[in-house]
Amino acid sequence: MEILILAVVIALVVILGAGGLVIGSRRKKKQQLPPAPPSTPTIPTPPAEPHVGDEAAVPREEPRRTIEEVALPGATLAPEALEEAPAPPVEIELPEPTAGRLVRLRSRLSRSQTSLGQGLLTLLSRERLDEETWEEIEDILITADVGVTPTQELVERLRTRVRVLGTRTPVELRGLLREELLTLVDPTLDRTLRTESHEQSPAVVLVVGVNGTGKTTTTGKLARVLVADGRSVVLGAADTFRAAAADQLQTWGERVGARTVRGPEGGDPASVAYDAVKEGIAEGADTVLVDTAGRLHTKTGLMDELGKVKRVVEKHGPVDEVLLVLDATTGQNGLVQARVFAEVVDITGIVLTKLDGTAKGGIVVAVQRELGVPVKLVGLGEGADDLAPFEPDAFVEALIGE
């Protein structure tokens, strides 16, 4: 009996111990588990997205303002003051006086011309002037673009005068050469620019020449020459085929206060020339300078159009000057251009550009002989006042040098 009671007690102890182990194990697992998540908040249902053309909300009534009433940030000016300011006026330049301009530019002319005068002086100073020496003199003159016929005439006169002179001191030779070269340049030609106005119309000057000779630039520089002499000038931009030619001429005119009449690019040159002369008459100008298109002398149609420009302008009155611009560096090739232009319009004067640098002074003689018209103006540089009236004495002095 006692043994049975003892067995029951032991069984109860075992059962109670096993139950305690199970309970402790459950508590430990509960402590290791993560905390339960909080309850999910309630999210209100969003309003429906507006579709194309729908308003997101009912617009509120509020006053509306025009653009003029809305002040710009930092703006304190009235609307009139906000308009674009006009461009500042172009400052009018006062060109240099033309009297003696070639003398002032003598150093530029003599840079490349002294080879002619000094070469001749050196050869003429030899003790014995044989045929070989005279041939060398001819070569120098022909190389300087004097031309074959003028060269033969000059050499023949030099031969005669040296033979008569006998002694040949440097001073005598210089004086002899100066006289003969001056005769060759021909100081008797009338080099006056006819730019004075008539009773009821201005003088009209057409400036012609091929592209690349500096024709438009020469027209602008000539305007400065005339303004410097007290003339009022109107410019006609009749070179409508070359891009920016009218702009270039207008810039030249604005510098000296001369008005430029222009037309649409590619327009009728004769119409522009006509309007320029008409404007010159209305303004009472002294001179109208018309810059014509750079005619290619090999294209008959373009040359005929140049003749048309002249005929249209003459409806207002006579054309007083037709100046042919030639590039002095082209030498004898420029004479080909001169011949064709002379067949289309009556050339009254020559403008030789780029006579400084590598140009040869003999072209003055050759072109005058070819056309029978004088060189009236020469260009001696890129400066605005480097266009000078041609003065034979100053030119020959520059050829001979010091």
PRE reach from GLN118 (point 7 Å along Cα→Cβ): which of the range 375-402 fall under 19 Å by backbone N? 395-402
When ligands, DNA and RNA are left out and all protein chains stay put, how many square angstrom of accessible area per residue does the range 112-230 have with a 1.4 Å probe? 48
Of SER125, SER201, which has the most accessible area and how do the rest follow, probe 1.4 Å? SER125, SER201
Computed P(r) (all Cα pairs; the range 122-265; 5 Å bins; percent): 2, 8, 14, 14, 10, 7, 7, 9, 10, 9, 6, 4, 1, 0
What does the charge dipole of the range 245-402 about its Cα centre add up to, to the nearest 20 debye, if the Cβ of each Lys and Arg holds +1 and the Cβ of each Asp and Glu holds -1? 580
FRET efficiency for VAL336 and GLN152 from the Cβ-Cβ distance with R0 = 35 Å, rounded to 0.05, comes out at 0.95
Ignoring ligands, DNA and RNA, what percent of the 1.4 Å accessible area of the range 181-223 is carbon and sulfur? 45
Quick one: 3J(HN,Hα) in Hz for the range 387-397, Karplus 6.51/-1.76/1.60 with θ = phi - 60°, rounded, Gly and Pro as x. 9, 10, x, 6, 10, x, 4, 5, 5, 5, 4
Once ligands and nucleic acids are excluded and a 1.4 Å probe is used, how much of ASP393 is accessible, expressed in Å² to the nearest 10? 80
Pairs LYS221/LYS310; LYS221/LYS354; LYS215/LYS354; LYS221/LYS315: which exceed 18 Å Cα-Cα? LYS221/LYS310; LYS221/LYS315
Please work out how much accessible surface ARG311 shows to a 1.4 Å probe, ignoring ligands, DNA and RNA, in Å² rounded to 10. 140
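I need the shape label for the range 326-381. Rule: rounded when a/c is under 1.5, else prolate if a/b > b/c, else oblate, with a, b, c from the alpha carbon gyration tensor.
prolate
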Over the C-alpha atoms of the range 167-217, what are the Rg and the largest Cα-to-Cα span, Dmax, in Å? 19.7, 61
Bin all alpha-carbon pair distances of the range 248-402 at 5 Å intervals from 0 and give each bin's fraction as a whole percent. 2, 8, 16, 19, 19, 17, 12, 6, 2, 1, 0
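The values are calculated or read from the model by the stated rules, or taken from the named source; none is laboratory data. Computed from a predicted structure; not experimentally measured. Cβ atoms come from the backbone with ideal geometry, glycine included; neighbour counts cover every protein chain shown. In case anyone asks, the SASA skips ligands and DNA or RNA and just uses the protein heavy atoms, side chains included. Shrake-Rupley method; radii C 1.70, N 1.55, O 1.52, S 1.80 Å.
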